[in-house]
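The values are calculated or read from the model by the stated rules, or taken from the named source; none is laboratory data. Just so you know, these numbers come straight off a predicted model, no measurement behind them. Backbone-built Cβ (ideal geometry, glycine too); neighbour counts: all protein chains shown.
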Amino acid sequence: LQVCLPKEEGGLGLRRTSECNNAALMSLLWDILSNKHSLWVSWCKLEILKGRTLWQVDPQQSLSVTWKSLLRLRTLFATNLVYTIGHNSSWSLWHDPWFQSIPLRDRLGNRAIYDSGLSTDATISRVQHGSLWNWPLHVMCPFGCGQQETIDHLFFECGYTKTVWSKVMELNNCPPPVAWNWDNTVTWALGHATGRRFQRWMRKAGIAAAVYHCWRERNNRI
């Protein structure tokens, strides 16, 4: 007579209570997310969500034990979701974890929402047109000078990057171009930063490093 199976095959067949509880709670989360037609879901939308998505509810607010448990499971729940983005998608652009299981608000921060010019309740359809994405671009200089961002302004006219270039020229004992812009600098570099002499090699390295780090710092700020 065999009372139970070996442990690796299930033992007595008893499930972990924590896993059973999580499964039951995630079933409730799915009911809310899928807008199941039930009295409980309708009550939650009216009294708890109040026009917000499931992902916008603050876990610190005064809630029942059940709801606090539900909110603690949101991250685990999100990793088991697969979002299908179709035409006129009503998923929240900022708060639903539709991209790599992490909400864009958590990934990019509130600054990205402000810079985009989109509202906090924007849906994915706001930036999707058929099979194309139409993400709004922030055209102001990210270094905070208040000017419009262009390639010439970004690398040569902005006070921040202009200081970088001036220092690079000073350290390399090198006369700067007549006018700081992209075309002039490329032409100037061909005459002053090519060849095998050590000084020219240092100028070439300085120019490359300045372009790289100015661009990287720009990307870190947007």
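Please count how many residues of region 88-107 are surrounded by fewer than 13 Cβ atoms within 10 Å (Cβ to Cβ) and among the charged types (D, E, K, R).
In the first step, residues of region 88-107 are kept if they are surrounded by fewer than 13 Cβ atoms within 10 Å (Cβ to Cβ); the result is 88, 90, 100, 106-107.
Narrowing further to those that are among the charged types (D, E, K, R): 106-107.
Number of matching residues: 2.
Out of L81, L73, L28, I need the residue that is at pLDDT 90 or above and within 24 Å of the chain's Cα centre (by Cα). Which one? Write out each step before concluding.
On the way: L81 fails: at pLDDT 90 or above; L28 fails: within 24 Å of the chain's Cα centre (by Cα).
After ruling out the rest, the residue left standing is L73.
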Handout entry: Residue match in region 108-120 (condition: closer than 25 Å to N21 by Cβ and either buried (at least 16 other Cβ atoms within 10 Å of the Cβ) or polar (S, T, N, Q) (or both))
Key = no
Completion exercise
Among helices (runs of 4 or more DSSP H) entirely within region 73-186, at least 3 residues that are in contact (Cβ under 8 Å) with a residue 24 or more places away in the chain occur in 74-78, 159-171
Handout entry: Residue among T123, T84, T53 that is under 20 Å from L25 (Cβ atoms) and hydroxyl-bearing (S, T, Y)
Key = T53
